[in-house]
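The block underneath contains the structure these notes are about, expressed in structure tokens.
The values are calculated or read from the model by the stated rules, or taken from the named source; none is laboratory data. Computed from a prediction, not measured in an experiment: that's the story for all the values here. Using ideal geometry, Cβ is built from the backbone for each residue, glycine included, and neighbour counts are taken over all protein chains shown. The protein model used for the area step is the full one, side chains on, heavy atoms only, and it has no ligands, DNA or RNA in it. Shrake-Rupley method; radii C 1.70, N 1.55, O 1.52, S 1.80 Å.
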Amino acid sequence: MILEAKEIFKTYKGLNKDLTVLDNINFQVFKGEILAIVGPSGSGKTTLLGLCAGLDNPTSGTLNLVEEPISIMSENEKAEIRNQKVGFIFQNFQLLPTLTALENVMIPLELQGRAKGAREKAKDLLERVGLGGRHHHYPSQLSGGEQQRVSLARAFSNDPEILFADEPTGNLDEETGLIVENLLFDLNKEKQTTLVIVTHDLELANKTDRIIKLKGGKIVSDQSIQSASIV
Amino acid sequence: MKWTLIVKTAIRDSRKDRSKLLLFMSSIILGVAALVAINSFNDNLVRDIETQSKSLLGADMTVGGNKPIPDLLIASLDSLTSEHSSEVELFSMSYLPSKQESQFVRLKGLTGSFPYYGKLITEPVSAATSYETGRYALVDDGMMIQYGLDVGDSIKLGAITFPIHGRLMNAFGSMDAGTSFAPSVYISGEQMLATELIQPGSLVNYKNYYKIDSDIDLDEWKKERRTQFRNESMRITTIEDQRENLQEAFSNLNNFLNIVALISLLLACIGVASSVLIYVKTKVQSIAILRCLGMKGEEAFMVYFLQIFVLGALSVILGVAIGSIIQVILPIVLKGFLPYEVKMTISSSAIIKGLLMGMLSTTLFALGPLLGVRNISPLKTLRISDDPVKADPLRWLIYVLIVLSIAGFLYSLSGSFIDSGIFTLAILAAFLILFGVAKLVTWCVRKFFPRNASFVFRQGLSNLYRPNNQTQTLIVSIGLGTGILTLLFILQGLILGNVEDMGAGNQPNMIVFGIETDQKDEMEKITKSFDMPVTQHVPVVTMELSGWQGRSKKAWMQDTSRTARRWAMNREARVSYREEMSPDDELIEGSYTGVYNEGDSIMISLDQRYADGLNVEIGDELIWNVQGTIIKTYVGSIRKINFRKMESRFFILFPTGVLEAAPQFMILVTKSPNKQVTADFRNTVVKSMPNASVIDLGSILATLNDIITKVSYVIKFMAGFSILIGLIVLISSLFLSKYQRIRESVLLRTLGAVENKIYKINAVEYAALGILSALTGIVLAVVGSYLLAKFVFELDYNLSWWPILGIFVFIVALTVLIGLWNSRDVVKRSPLEILRNV
Ligand SMILES: Nc1ncnc2c1ncn2[C@@H]1O[C@H](COP(=O)(O)OP(=O)(O)OP(=O)(O)O)[C@@H](O)[C@H]1O
Ligand SMILES: [Mg+2]
């Protein structure tokens, strides 16, 4: 088991009354699984992803990520885990604007203190996502699709055990989205990573093993893909 | 911590944002440059002015008495100095053969190269040095005019007749007008013996003038040897003693320069804090990503701290270099404008101070906003939010350190715990008030929002309270900037007015002594006929102290436990009497008794310093010997004399009704417009009342005036300089504010807002900010300057509102203009470029 959520609640303090965004969430993810979280806008998908990845703390409940109780760990301990075992892909790419493509990919490795070989590995990954000739370009000099491919390369650079993606194709046109999607699944297969994708895109969701549906902060269904695709 | 990674990231990260950091650097560079330049300019100018004030004495120190200086003391003096001149002075009748007239003169025989500071000014110029080479005399210019003498005429002094070698145009010595009753004649020391005027029993003053090259603290030196010299009846006078009259000008100058130094440092700090704050804001997203990828909070902090620290250090060094260059170049550039020549040397203390203060303040003020970096949540990668960066509890430590270092800096300037404490509190209060105003403004705008106003107006106003607003930052920085500018402006005006008040232009320059009481009306008539004012016309009675609290002076002097000072007891008292205190004097203790009625006790009024010297208190009994008559008096009041006025000051004042019958003469103080009138007046006075003597203070006043001019200049220059830095910091923090609003503006534009609308929205926002903060700043400045004037400078407070209104309009206009300029930048740039960069 690589990810386990037990009785997760998340509430935001409102002006008049509190807003419960996640309402008693329970699920488990096993190593190698490819999971999609879907649901209407505002249902709490991004919030859940943030919690699972250790970017935020639940109001109550327990979260275990790669066998670590991240819901009770300090920010620095969580940072260590994110750096060693977790990868991220964002809807709006989130590349560091002041670093070149290559440097962006190298960052997680360098954070691990693995300066040696980092450059080679990053170059290979950029090659792998089809940006071999763009090492020294800054994010502002790349198209959206290219930026997302750089961020794919970055996400895999530290050989994560689990990868979180929030609307990875949300900002891209269909064609580019497809290219990124395929790259994501190919790389995932190669590296044997667990993958958690938040998406609106049913087609993308259908390419996964398992779909969790959220509505109003509750899990309304959690099905493996064969049954889900019938619905 | 992963140091190599931190260093690498710091370098990489700074690559594309150099322009933003340039603004950060520029405020440090400017602030430090200003600090160094001001400090060393101070050092240089203050030294220069000190040298000038030495020229009043002509030397660093004089030692004298009414006998030659004993060998014992000579030895101790020789260890101190390499160079001295000696003077033998006596009062004697001189005879002018060509005019068949006699005149009482002050005759000085000089040996050595006195004066060491300033110059003996003579006509012809060469006479100043050549008179010592033989049997020549230099005669006071006023006396020569009075008797119609020319160079080449003769003057008989004692046994010898001297040819007049030149006119003596200036004088040295005490500014106390009363000391020079008679015109001066200079001859060489050798010739003095030949005149045979020095006879046993004749009253001769011996005086040595010393030039001290070492850095020894003369007053300390003097203190240690006081008894030794006193036992030999020798008097030491140092520059410090001489400066009595200038003291007020000097202490005001010092205080003012200290305030300017503090202000320029504070300004630089505001620049640092606001630019780092905005820099961090532009970096929030990057930091969130780094955090998300697993960088620890402390490491992220170190990345940015390193950037800021290294660039800060570079800027400080650059600032020191520029500051040093400025002080070398400035005199060259300003040569034509400076009213005098300044010899500039690079001041190492200014450089060290600049380095230390620059590094300390850069680090501390940058740390405040930087600490927040540790708390930037990685969640910001998932949800773009403009939530303010969460404040760090450690920041309180930084605030405390900042307050402590300001207090420390102030302490290093003032040397007083209480003063620096009060100042620090005042600065804190100013900050808090500005923060309070900012909070109040956002609250009020929200509460009383004009819902029916136009779109532009509503949009502009709501910018004041919406998330990511710059209300606080800008109100504090514009408010502080305006406050400081206004404060400097007001203070400069007040101090200049006060200092120039002392200038020769407003001072009487002539004193007539020895007028008989029955000549009073005639004297006034003569003065008025010359169109000259009668500034003062008062009776003088000379008397001696003969007892205190029932003890005779002799018993009192022999008492070893006595605290009264010898000079105060021995002084020949020149006393006046009047019904009312002079309006320039300040009553400190007791009440002034103007009229004596038969049967009362005689209540007299003493000057504060004199009373301190005698160590007497209100109610003490003092017995006087008024030329044979003994008068018993009591101390009724203690006054503080205004030493800025060149009038006769009386340490002791009697009420009317006591001294009217005592032997006395009158003193008249007046002001002559020029030398010719001075000479004519002197002739007329001496002809109609031969007993009177006319003393021209013109030359001493000219020296004084020179110093005043310099002091005024320094004040103007320093105020101008730091007003300039203030403006630059203000302008750059306004320019920086662009980054805060850039995304909103671009979005608005993308949503189809017309250029014009964006301009108007920004104009409304900046106008509101400008008006509120300028207003607050001005109020703070008025209050602050009032307190400073009252408690630090001890000046009367007055304010002219027009220039302040001008400052207000200027600041508001400047704020709006820069606001518009900032939006122009948004409007002109491609939205795409900005969206990608953000
Ligand atoms: N900081 C916050 N304060 C208050 N409410 C919040 C905050 N962050 C999120 N929410 C609320 O939580 C709910 C869930 O938000 P979330 O972003 O997780 O939705 P989502 O499922 O990702 O939506 P979308 O598909 O539109 O991205 C929303 O109703 C949102 O308003
Ligand atoms: Mg979402």
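Given the pairs A:LYS85/A:LYS213; B:LYS520/B:LYS671; B:LYS156/B:LYS207; B:LYS99/B:LYS156, which are separated by over 22 angstrom at their Cα positions?
A:LYS85/A:LYS213; B:LYS156/B:LYS207
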Each residue of the range A:147-161 in order: what ³J(HN,Hα) in whole Hz does its phi give by Karplus 6.51 cos²θ - 1.76 cosθ + 1.60, θ = phi - 60°, with x for Gly and Pro?
4, 5, 5, 4, 5, 4, 4, 5, 4, 8, 5, 9, 6, x, 7
Rounded to the nearest 10 Å², the accessible area of B:GLU196 at probe 1.4 Å
120
Roughly what angle does helix B:297-333 make with the longest principal axis of chain B, taking Cα atoms, 0 to 90 degrees, to the nearest 10?
40
What are the residues of the range A:121-151 that lose 20 Å² or more of accessible area, with a 1.4 Å probe, going from their chain alone to all protein chains?
A:TYR138, A:SER140
If one compares the long axis through the Cα atoms of helix A:101-111 with the longest principal axis of the Cα atoms of chain A, the angle in degrees, nearest 10, works out at 60
Considering only the other residues whose Cβ falls under 10 Å of the Cβ of A:ILE89, what net charge follows from Lys and Arg at +1 and Asp and Glu at -1?
-1
Using a 10 Å cut-off on Cβ to Cβ distances, tally the other chain neighbours for every residue of B:282-292 and report the average as a whole number.
5
Report, in listed order, any pair from A:LYS123/A:LYS218; B:LYS211/B:LYS553; B:LYS222/B:LYS640; B:LYS296/B:LYS760; A:LYS191/B:LYS296; A:LYS218/B:LYS2 with a Cα-Cα distance greater than 32 Å.
A:LYS123/A:LYS218; B:LYS211/B:LYS553; B:LYS296/B:LYS760; A:LYS218/B:LYS2
Charge dipole (debye, nearest 20) of chain B; +1 at Cβ of Lys and Arg, -1 at Cβ of Asp and Glu:
5700
Using θ = phi - 60° and the Karplus curve 6.51 cos²θ - 1.76 cosθ + 1.60, what whole-Hz ³J(HN,Hα) does each residue of the range B:152-162 get, with Gly and Pro shown as x?
x, 5, 10, 9, 9, 10, x, 7, 10, 9, 9
Measure nothing but the geometry: give the 0 to 90° angle between the long axis through the Cα atoms of B:247-292 and the longest principal axis through the Cα atoms of chain B, rounded to 10°.
10
Based only on the alpha carbon positions, what is the Kirkwood hydrodynamic radius of the range B:193-329, in angstrom?
22.4
C-alpha center-to-center spacing [the range A:153-231, the range B:403-476] in angstrom
49
If you take the C-alpha gyration tensor of chain A, multiply each eigenvalue by 5 and take the square root, what semi-axes do you get, largest first, in whole Å?
29, 20, 17
Per 0.36 nm of contour for each residue apart, how much would the distance between B:ARG565 and B:THR345 grow if the chain were fully extended, relative to their Cα-Cα spacing?
75.0 nm
Using the Cα centre as the reference, give the magnitude of the dipole from point charges on the C-beta atoms of the protein assembly as shown (Lys, Arg: +1; Asp, Glu: -1; all else neutral), rounded to the nearest 20 debye.
3720
For B:HIS537, residues with placed amide H under 5 Å, excluding near neighbours:
B:VAL669
Intensity falloff of the range B:76-228 expressed as log10 I(q)/I(0), Debye formula with alpha-carbon point scatterers, at q = 0.21 Å⁻¹:
-1.40
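Would you please put A:210-220, B:563-573 in order of how densely packed they are, using the mean number of other Cβ atoms within 10 angstrom per residue and starting with the highest?
Top to bottom by mean Cβ count within 10 Å: A:210-220, B:563-573.
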With the other protein chains left in place, how much accessible area per residue, in square angstrom, belongs to the protein assembly as shown at a 1.4 angstrom probe?
43
What percent of all Cα-Cα pairs in the range B:534-670 falls into each 10 Å bin, going from 0 up to the bin containing the maximum distance?
12, 45, 35, 8, 0
On average, how many beta carbons from a partner chain sit within 10 Å of the beta carbon of a residue in B:368-380?
2
Can you list the residues, at least 5 places off or on another chain, whose amide H is less than 5 Å from the amide H of B:PHE114, using H built in the peptide plane?
none
How large is the translational diffusion coefficient of the range A:98-200 in µm² per second when you combine the Kirkwood radius over alpha carbon pairs with Stokes-Einstein at 37 °C and 0.692 mPa s?
239
So what is the orientation-averaged projected area of the range B:377-498, using the convex hull of its C-alpha atoms, in nm²?
12.3
Could you bin all the Cα-Cα distances of chain B into 10 Å bins starting at 0 and give me the percent of pairs in each, rounded to whole numbers?
2, 11, 17, 19, 15, 12, 9, 8, 5, 2, 0
Taking Cα atoms only, Rg over Rh for the range A:26-77 with Rh from the Kirkwood formula is 0.97
Comparing A:VAL129, A:VAL196, A:VAL105 in a Gaussian network model of chain A (Cα, 10 Å), the one with the largest mean-square fluctuation is A:VAL129
21 Å Cα-Cα threshold exceeded, pairs from A:LYS31/A:LYS207; B:LYS54/B:LYS675; B:LYS281/B:LYS757
B:LYS54/B:LYS675; B:LYS281/B:LYS757
What value, in deg cm²/dmol to 500, does the helix sum -39500 (n - 2.57) over DSSP H runs of n ≥ 4 give at 222 nm once divided by the residues of chain B?
-18500 deg cm²/dmol
Around B:ILE155, which amide H atoms from residues at least 5 apart in sequence, or from another chain, sit under 5 Å from its own amide H, with H modelled in the peptide plane?
B:PHE162, B:ILE164
Quick one: with all protein chains in place, what share of the accessible area of the protein assembly as shown is carbon or sulfur, to the nearest percent (1.4 Å probe)?
57
Charge-dipole axis of chain B as Lys and Arg at +1 and Asp and Glu at -1 on Cβ define it, positive-most pick from B:VAL284, B:SER98, B:GLY294:
B:GLY294
Just the Cα atoms of the protein assembly as shown, one point each, no solvent: what log10 I(q)/I(0) does Debye give at q = 0.10 Å⁻¹?
-1.23
Interface buried area B-A, accessible surface with 1.4 Å probe, both sides summed, nearest 100 Å², comes to 3000
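For the full complex of protein chains and a 1.4 angstrom probe, list B:ARG15, B:ARG446, B:ARG649 by accessible area with the highest value first.
B:ARG446, B:ARG15, B:ARG649
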Unit charges at the beta carbon, dipole of the protein assembly as shown: most positive-side option, B:VAL595, B:ALA692, B:SER785:
B:SER785
Kindly tabulate the residues in the range A:93-107 with an accessible-area decrease of at least 30 Å² between the chain alone and the assembly of all protein chains, using a probe of 1.4 Å.
A:GLN94, A:LEU96, A:PRO97, A:THR98, A:LEU99, A:GLU103, A:ILE107
The ³J(HN,Hα) series, computed from each phi in the range B:187-203 with the Karplus coefficients 6.51, -1.76 and 1.60 at θ = phi - 60°, rounded to the nearest Hz and given as x for glycine or proline, is 9, 7, x, 4, 5, 4, 4, 5, 5, 6, 7, 7, 10, x, x, 7, 7
Going by accessible area, probe 1.4 Å, with all protein chains left in place, what is the ranking of B:THR282, B:THR656, largest first?
B:THR282, B:THR656
